[in-house]
Amino acid sequence: MPTSDTTGVPLSAPWEDLVTSALLGTDRRPLRMGDGAAAGPAALLDAAAVHTVRRRAALRPAGRTALPKPAPADPRPPLPAAARRRLAQLLADRSAPSGGGRRGAAPDLTELIPQWLASAGAHGYRAPAELLPALLDAARARTDLRPHVLEFAGPRGLWLAALNPEWRFALRASSRGAPRPDTTDPEEVGVLWEEGLFAERVALLGALREEDPGAARSLLAGTWSSERAEDRLMFLDSLRSGLSAADEAFLEGALTDRSRNVRYTAAELLSALPDSALARRMAARATSCVNPDRTGDALSIAVEAPHECDAAMQRDGVVPTPPSGRGERSWWLGQLVESTPLCVWRERFGGRTAQALVALPVADGWSGELHAAWCRAAVRQRDPDWARALLGTPSTPPANGPGTASLAERSKLLATLPPGERALWVAGFIAAHGLSDAFQLLGVCSVPWHGPLGRSVVDALDIARDAGSYPWSFSGVMGLAERCLDPAEAERLAVLTTTPDEPEGASPGAGGYWSEAFQRLVSTLRLRGTMDAELAQGGTE
């Protein structure tokens, strides 16, 4: 049997040695021939060719495997032809290398993908089959795209994701995209709950929750102890929809769960039920700490924070150890107040409104802690009256506001208000304080921005430009405007695309950058308008 091939290189030479010699060069890492001499570049390439043929010849045909089940049907209408071409363009641009540095005046197509997907979903179209791989790749790379992609991809997207390990995120991401299960056959429901993918089980639980909340609870209780902690948390979260007093017993049982996150979520849900036993327990604790004080000339609020966090408090979701920089007593007090139904304070203080309660003086410097806890309670209980009281007027400086100076907390309070009222409040805030503190607040406003809100943003940007401000400081707001302004505003904004005279003391070159930014804004709005028109056309195969 020969020990070397026709090139003289030993047959026993590993493929890795050939690769290493090719990468480093035959001078630095020579490959030895059968007689011990160093192989030259030509001999190395010949040996690689021989080894490649040998490796291929040694392959055996794969065994016969069963074909996957056909993809499920998707009854939604197809995309219009123009919209299909637009989606292909957006996905192709996503994979293009970034130029980096200055953005230029052209629209950023990558940032338009989420809005395009949301619009397509609102029209109820199904995703083109040939673009499903690119859609799943985009969702794999960007987690913010996943909810819209999975909903748009539908049942065929989940079917395809099950065939590729790189797309398995879709099977556990959420119930979006999973077909609505048939809940009329109890046997089929049982099989799907026991054997279905996670997304299918979440979809099943949601469908049952809408039709028969008791049946959904029973289904969940049957396998609760055997579910993984992260799955229990997701399933428990599904009870937020249609939460009622009938869920109390199940949630009380979850207070003893071995997962801290599950215990906390169960306590949060129970505290949102004003008549639950947990809400009453929390109210009793909180009202022993916060009371009317009538010792002075005017009514005020007296606060005596708890001195310990006992086992009963911990069972009800109170976390005993505060984060770094927080005192224990203030940490415990905040958790008690935020878990107490807000109607309790109205009763405790003689029927006063939320606005009147927030305006009362608080003794011993506890105002910030109490108001912050009330903010969290208003968000948890979705109470717009308390949210309005804690937000105050938009013209009031955040540091002097009635509730909290935290913009993150304010944005959560805003989210409890109706969209139109929310937009008007943020528009007033921008008019009074400018854009520097408004970014988080803009993020909770409905898209497209309500007319007054859009105008207030553009006016503030125009003022910043005229003042010679750094345009890069407003790049985040400008990016939001590209995605959130009404496309109908494009023509009105065209006048801002000219390069203004730079005022004395302005940043060098700022005028050119501002002009470029407004050109990009106008061209992006026009493109969004075109995209909306394409999606409004009737779908065709």
Taking Cα pairs under 8 Å and at least six residues apart, what relative contact order does segment 279-438 come out at, in percent?
18
What does the net charge come to around THR416 if you take all other residues with beta carbon closer than 13 Å to its beta carbon, with K and R at +1 and D and E at -1?
+3
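Which shape class, rounded, prolate or oblate, goes with segment 363-407 when its Cα gyration tensor gives a ≥ b ≥ c as root eigenvalues, a/c under 1.5 marks rounded, and past that a/b bigger than b/c marks prolate? Please report the intermediate quantities before stating the final value.
On the way: a/c = 2.05, a/b = 1.09, b/c = 1.88.
Here segment 363-407 falls in the oblate category.
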Along the dipole axis of the chain (charges at Cβ: +1 for Lys and Arg, -1 for Asp and Glu; origin at the Cα centre), the most positive-end residue among PHE250, LEU160, THR184 is LEU160
Kindly report the accessible area of the chain per residue (heavy atoms of protein chains, probe 1.4 Å, no ligands, DNA or RNA), in Å².
50
Only Cα pairs under 8 Å and at least 6 apart count here; give the relative contact order of segment 213-310 as a rounded whole percent.
17
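Roughly how big is segment 137-270's charge dipole about its Cα centre, with Cβ charges of +1 (Lys, Arg) and -1 (Asp, Glu), in debye to the nearest 20?
That gives a dipole near 640 debye.
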Scaled radius of gyration (Cα, divided by 2.2 N^0.38 Å) that segment 209-280 gives:
1.01
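Which value at 222 nm does the chain reach when only helices count, each DSSP H run of 4 or more adding -39,500 (n - 2.57), with the total divided by all residues and rounded to the nearest 500 deg cm²/dmol?
-16000 deg cm²/dmol
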What distance in nm separates the simple spin-label points at ARG142 and ARG172, each placed 7 Å from Cα in the Cβ direction?
2.4
Global geometry of segment 417-531, whether rounded, prolate or oblate, following the gyration tensor of its Cα atoms and the 1.5 cut on a/c
oblate
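Considering all alpha-carbon pairs of segment 258-324, what whole percent are spaced by more than 13 angstrom?
I get 71 percent for the Cα pairs in segment 258-324 exceeding 13 Å.
When the expected Rg is taken as 2.2 N^0.38 Å, what fraction or multiple of it is the alpha-carbon Rg of the chain?
On the way: Rg = 31.4 Å, N = 541, 2.2 N^0.38 = 24.0 Å.
Computed over Cα atoms of the chain, the ratio equals 1.31.
At 27 Å minimum axial length over the Cα atoms and a Kyte-Doolittle cut of -0.5, report the qualifying DSSP H helices in the chain, or say none. Intermediate results must be reported in sequence, preceding the final value.
Values: long enough: 510-536 (39 Å, -0.10).
What comes out of the filter, once short or polar helices are dropped, is 510-536.
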Phi-derived 3J(HN,Hα) across segment 293-310 with the Karplus relation (6.51, -1.76, 1.60, θ = phi - 60°), rounded Hz, x for Gly and Pro, is 10, 10, 6, x, 6, 10, 5, 9, 10, 9, 10, 10, 5, x, 9, 8, 10, 7
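For segment 350-471, what Kirkwood radius comes out of the mean inverse Cα-Cα distance, in Å? Numbers along the way, then the final one.
On the way: mean 1/r = 0.0663 Å⁻¹.
It is 15.1 Å.
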What does the charge dipole of the chain about its Cα centre add up to, to the nearest 20 debye, if the Cβ of each Lys and Arg holds +1 and the Cβ of each Asp and Glu holds -1?
920
Under the 0.36 nm per residue contour assumption, what length would be gained going from the current alpha-carbon distance of ARG54 and SER259 to full extension?
68.2 nm
Taking the dipole of the chain about the Cα centre (Lys, Arg +1; Asp, Glu -1; charges at Cβ), the one of ALA372, THR321, ILE430 that reaches farthest to the positive side is THR321
Can you tell me the length gained on complete extension of the stretch ALA408 to ALA221, counting 0.36 nm per residue apart and subtracting the Cα distance?
63.7 nm
At a 1.4 Å probe radius, carbon and sulfur cover how many percent of the accessible area of the chain?
54
Remind me, relative contact order of the chain in percent, using alpha carbon pairs under 8 angstrom and six or more residues apart?
12
Loop only per DSSP, at most 11 neighbouring Cβ atoms within 10 Å: give me the trypsin sites (Lys or Arg not before Pro) in segment 255-328, ordered by residue number.
ARG258, ARG294
If we restrict to alpha carbons, what Rg and Dmax does segment 215-360 come to, in Å?
17.4, 60
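The values are calculated or read from the model by the stated rules, or taken from the named source; none is laboratory data. Just so it is clear, the structure is predicted and the values come from calculations on it, not from any experiment. All Cβ positions, even for glycine, are placed from backbone atoms using ideal geometry, and neighbour counts span all protein chains on display. Please note that ligands, DNA and RNA were not included when accessible areas were found on the heavy atoms of the full protein model with its side chains. Shrake-Rupley method; radii C 1.70, N 1.55, O 1.52, S 1.80 Å.
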